[in-house]
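Notes to accompany the following structure.
The values are calculated or read from the model by the stated rules, or taken from the named source; none is laboratory data. From a predicted model like this one, the values you see are computed outputs, not experimental measurements. We place every Cβ from the backbone using ideal geometry, glycine too, and count neighbours over all the protein chains shown. Ligands, DNA and RNA are excluded from the accessible area calculation, which covers all protein heavy atoms including side chains. Shrake-Rupley method; radii C 1.70, N 1.55, O 1.52, S 1.80 Å.
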Amino acid sequence: MKIYLAGPEVFLPNAREILDEKISLTRVHGFTPVAPGDLTVAPSLSGREKGLAISAHNEALMLSADVIIANLTPYRGLSADVGTVYELGFMCARGCPAYAFTNVTDGLFERTSAWYGGDVREDAQGQQRGTDGLMLENCGFVDNLMLDGGIESRNGAVIRHEASRERLYTDLTAFQACLAIAARQLLS
């Protein structure tokens, strides 16, 4: 079975090193890795053309895969990398088994509440709202309810792990836990 490895690791200065480690671990668990970092874009392409080529290539890779493991560690904000979220949705829409991990243990509600400086109030209907009046999801999930819901409805798992700040995107403890669960469920 082929596993698509989704996550913001492609943006790291040591992206190749981290992707190679994830690829190796995926093989150890009996899967064939499909990694979006495995791409060569024509040097003549730039800007929009380059972006469209990368997008098309990654979609082709996802179409070749059977399973996804997505890194939902918050990236440049409160939530997961938007590209990773797209990839997770793409694979769920195909009906593929889905797994995810995050290297922070606080869920979306805790992170969003902290963003409001803890100034979250309950309205007359019992909804938690920030100072701007916007509702906060309070479902206990790692991110938006559609992500956790999509994974759980496909019998997948979402693993939380508290990584050190320095290893937020390089700690593969939770990734390995996802691989072990996927191997038990899909290769047994």
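Of the residues in the range 1-51, how many are within 19 Å of Met91 (Cα to Cα), open to solvent by 40 Å² or more (accessible area, probe 1.4 Å) and not basic (Lys, Arg)?
Total meeting the criteria: 4.
Quick one: which residue in Arg154, Arg121 is over 12 Å from Ala70 (Cα atoms) and in contact with a Pro (Cβ under 9 Å, 6 or more places away or on another chain)?
Exactly one of Arg154, Arg121 is over 12 Å from Ala70 (Cα atoms) and in contact with a Pro (Cβ under 9 Å, 6 or more places away or on another chain), namely Arg154.
Any chance you could count how many residues in the range 158-168 are under 13 Å from the mean Cα position of the chain (by Cα) and surrounded by 18 or more Cβ atoms within 10 Å (Cβ to Cβ)?
2
Check the range 111-119 and report whether any residue there is within 28 Å of Ile18 (Cα to Cα) and touching a residue at least 40 places away in the same chain (Cβ under 8 Å).
There is no residue in the range 111-119 that is within 28 Å of Ile18 (Cα to Cα) and touching a residue at least 40 places away in the same chain (Cβ under 8 Å).
Filter the range 169-185 down to residues that are open to solvent by 20 Å² or more (accessible area, probe 1.4 Å), touching a Pro at 6+ places or on another chain (Cβ under 9 Å) and either within 18 Å of Ile23 (Cα to Cα) or assigned to a loop (DSSP other than H, G, I, E, B) (or both), then give me how many there are.
Within the range 169-185, residues that are open to solvent by 20 Å² or more (accessible area, probe 1.4 Å), touching a Pro at 6+ places or on another chain (Cβ under 9 Å) and either within 18 Å of Ile23 (Cα to Cα) or assigned to a loop (DSSP other than H, G, I, E, B) (or both) number 1.
Suppose the filter is modelled with pLDDT of 95 or more, more than 30 Å from Gly30 (Cβ to Cβ) and within 20 Å of the chain's Cα centre (by Cα); does Val82 pass it?
So Val82 fits the description; yes.
(1) out of contact with any Cys (no Cβ under 9 Å at 6 or more places or on another chain); (2) open to solvent by 80 Å² or more (accessible area, probe 1.4 Å): which one isn't true of Ser153, the others all being true?
Unmet for Ser153, out of (1) out of contact with any Cys (no Cβ under 9 Å at 6 or more places or on another chain); (2) open to solvent by 80 Å² or more (accessible area, probe 1.4 Å): (1).
Which of the residues spanning the range 140-171 are among the small types (Gly, Ala, Ser) and closer than 9 Å to Asn103 by Cα?
Scanning the range 140-171 gives Ala163, Ser164.
Given the conditions (1) touching a Pro at 6+ places or on another chain (Cβ under 9 Å); (2) open to solvent by 60 Å² or more (accessible area, probe 1.4 Å); (3) closer than 22 Å to Leu187 by Cβ; (4) not hydroxyl-bearing (Ser, Thr, Tyr), which single one is not true for Leu63?
Just one mismatch for Leu63, condition (1).
Could you go through the range 35-49 and let me know if any residue there is among the acidic types (Asp, Glu) and modelled with pLDDT of 95 or more.
No: the range 35-49 contains no residue that is among the acidic types (Asp, Glu) and modelled with pLDDT of 95 or more.
Only one of these conditions is not met by Ala80: (1) within 14 Å of Cys178 (Cβ to Cβ); (2) of a type in the set (A, V, I, L, M, F, W, C); (3) touching a Leu at 6+ places or on another chain (Cβ under 6 Å); (4) not in a strand (DSSP E or B). Which number is it?
Status for Ala80: all satisfied but (1).
So which residues in the range 48-102 are among the aromatic types (Phe, Trp, Tyr) and in contact with a His (Cβ under 8 Å, 6 or more places away or on another chain), if there are any at all?
Phe101
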